[in-house]
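Below is one structure, written out as structure tokens; the observations come after it.
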Amino acid sequence: MDLPESSVSRADEGRAPRRVGPVDREELVRVIEQSLYSLGYRRAAAALEAESGVPLYPPDHGSLLLDVMAGRWDACAETVRAVAGVGDADRAVAEFLLWRAHYLELLGTGGDAGLRRAREVLRRRIAPLGVDRRCVHCLACAMVSCDGAVAPDAVVGWRIAVFLDLVEVLPPWFHVPSGRLEHLVESAVTKQVASCIYHNLPDEITLFQDHKCHEQHIPSKCAQILCGHNNEVWFVRFSNNGDYLASSSSDCTAIIWKVEKDDTLTKKHCLQGHQKPISFVAWSPNDRMLLTCGTGESLKLWNVDTGECNLKFGGSVDYIISSCAWFPNSEKIVCASSGPGSSPNRIFTCDLEGRELEVWAGDRIPKVSDLAVTPDGQHLIFVSCNDIWIRELPKGREWRFREKQAISSLSLSGDGQSLIVNLNSQEIHLWKINEKTTMPEKFKGHKQEKFVIRSCFGGSNSLFIASGSEDSQVYIWKRHLETPIKVLHGHTMIVNCVSWNPARPHMLASASDDRTVRIWLACKTGSTCS
């Protein structure tokens, strides 16, 4: 085998093989050299070049740089034509960059002589290259407008920019792309993390070994049982900052729990005042307020710090509010309501004084069972029977996804890009909000036939989905995997709702008909939990 010219001076019988596994040895050395130079270790990089006999750049690279900086455009063009592995289209682009640079510099010199020479470059050098005619036309117009002309005192900086643009067109072996080693390492780590089923702790990544998480990094150990309710617990939701947990029950109360630094929860407030079971709660984005939705009752707005009811609202008492959600500014909410008999269904927004701002009503508005607003406030999402409706706000287009089975609940991902719905067919479907698709991702294994079961996104970067189940268990899936990776046992009756702490990915809460809320924790370190 012939040795590369750049390495002949260092070749000897004891030389390392050309390839290290699937990796070309010289490519590897050059990528390391480029990384060392970019990190500021110039002497170490130069020493590696000297000891390995592998220069960072081929000889033509230095020649091209010197010729560009000296304005020797014919020599530059000769070098470009000699570079191997360049397609005709890329070669034409490279030459265009060179002659355009020369042309604009000539325009910048001013005077009739510079204009005549620029015209010759345009006619004899640029036009025959066959590049986009609009580019040639723009350059021709510059002869009149002088748009883009390079003044003599700006030539040095201009030529550096020309060289950097030029090497982007040439093959990567000619000029090692900036940050190439870092990109390769990052890609390898990202791929390992993506293939790790149990990855849930973002700081548990090291370059010293292949990435692999233990299953105990998923919340699976019941660390605490909260027994503050006297009847079935229907709903549970962590605050956005992860410092509180709200639970609601058929005992007509809601409880705000404080998440302590040691991951234990203590009761902060018991919210009393509803006359009927509380089916739903919603935290304001700033976590200062909490909405509670009683079955067949008006909404109540509570102060999280004091536990006092600040407002009772919801429009006409003839309407039953089924769901509510906050807008990102914590100053406006949206509600879905239905009336008795033939009264129209309504979706309305209101401020925190209870004043209605916008109302959608009429035959086109379905009976809504659940709704949400994306974190950016750009989309209102609501579900009704078999349909998922998405409406751009304030007054944009509207579209829907249609399911074959009845939808019982809706949940959004933390970034607002995805949603999941629980179906009575014992499946959970994941839809991308901004993608036109007819096939959602599906998750199976839990039990749901008769009752409202709620699921949620959770874990690091919302990589997991958790759901309650009618068989008294909690099910956890990794996104893109249809079957559960973990099943949590402990509840003795139906698990109605789950919530994953958005700030503490190692913490999950579940609410059950057995009157309890269970707090599940994961191992927070790389070691195995006892």
Distribution of pairwise C-alpha distances over region 138-240, 10 Å bins, in %: 10, 19, 17, 16, 13, 12, 8, 5, 1
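Using helices alone, I'd like the mean residue ellipticity at 222 nm for the chain: each DSSP H run of four-plus residues gives -39500 (n - 2.57), total over residue count, nearest 500.
-7500 deg cm²/dmol
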State in Å² the accessible area per residue of the chain; use a 1.4 Å probe, count heavy atoms of protein chains only, and round to the nearest integer. 50 Å²
Mean Cα-pair separation over length for the chain, i.e. relative contact order, pairs under 8 Å, 6 or more apart, %: 10 percent
Return the long-range amide H neighbours of CYS252 (sequence gap of 5 or more, or a different chain), with a cut-off of under 5 Å between placed amide H atoms. ILE278
Would you mind checking which residues have amide H under 5 Å from VAL304's amide H? H placed 1.01 Å from N; only 5 or more apart, or other chain. MET289, LEU290
In region 416-493, the GluC sites (Glu not before Pro) that sit in a DSSP loop and have at most 13 other Cβ atoms within 10 Å of their own Cβ are GLU435, GLU449, GLU482
At 37 °C and 0.692 mPa s, the Stokes-Einstein diffusion coefficient in µm²/s for region 328-395, with hydrodynamic radius from the Kirkwood sum on alpha carbon pairs, is 260 µm²/s
State the three equivalent ellipsoid semi-axes of the chain, derived from the C-alpha gyration tensor as the square roots of 5 times its eigenvalues, in descending order and whole Å. 62, 33, 20
Using a ≥ b ≥ c from the Cα gyration tensor of region 436-506 (square roots of the eigenvalues), is it rounded, prolate or oblate, where a/c under 1.5 gives rounded and otherwise the larger of a/b and b/c decides, a/b for prolate? oblate
A correct Karplus calculation of ³J(HN,Hα) over region 145-160, with 6.51 cos²θ - 1.76 cosθ + 1.60, θ = phi - 60°, whole Hz and x for Gly and Pro, returns 8, 6, 5, x, 4, 9, 5, x, 7, 10, 5, 4, x, 5, 6, 4
Net charge near HIS491 (other residues with Cβ under 9 Å of its Cβ; Lys, Arg +1; Asp, Glu -1) is -1
Region 238-283 shape via C-alpha gyration tensor axes, a/c threshold 1.5: prolate
A student applying the Cα gyration tensor rule (rounded when a/c is under 1.5; otherwise prolate if a/b is larger than b/c, oblate if not) would label region 85-165 oblate
In straight Cα distance, which lysines are under 21 Å from LYS486, not counting same-chain residues fewer than 8 positions off? LYS212, LYS221, LYS442, LYS444, LYS447, LYS478, LYS524
For region 119-179, the percent of all C-alpha pairs falling in each 10 Å bin, from 0 up to the bin holding the max distance, is 17, 36, 36, 10, 0
With θ taken as phi - 60° and the coefficients 6.51, -1.76 and 1.60, list the Karplus ³J(HN,Hα) couplings across region 232-242 in order, rounded to whole Hz; mark glycine and proline as x. 3, 9, 9, 8, 8, 7, 6, 5, 5, 8, x
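Round to a whole number: what % of the accessible area of the chain belongs to carbon and sulfur, probe 1.4 Å?
51 percent
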Would you pull out the residues with amide H under 5 Å of PHE235's amide H, same chain only if 5 or more places away, H placed 1.01 Å from N? SER248
Hey, what do the phi angles of region 409-423 turn into as Karplus ³J(HN,Hα) couplings, whole Hz, using 6.51/-1.76/1.60 and θ = phi - 60°, x for Gly and Pro? 7, 9, 8, 9, 6, x, 8, x, 8, 9, 9, 10, 10, 8, 10
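The values are calculated or read from the model by the stated rules, or taken from the named source; none is laboratory data. In this text, all values refer to a predicted model and were calculated from it rather than measured experimentally. Note: ideal-geometry Cβ built from the backbone for every residue, glycine included; neighbour counts use all protein chains shown. Keep in mind that these areas ignore ligands, DNA and RNA; they rest on the heavy atoms of the full protein, side chains included. Shrake-Rupley method; radii C 1.70, N 1.55, O 1.52, S 1.80 Å.
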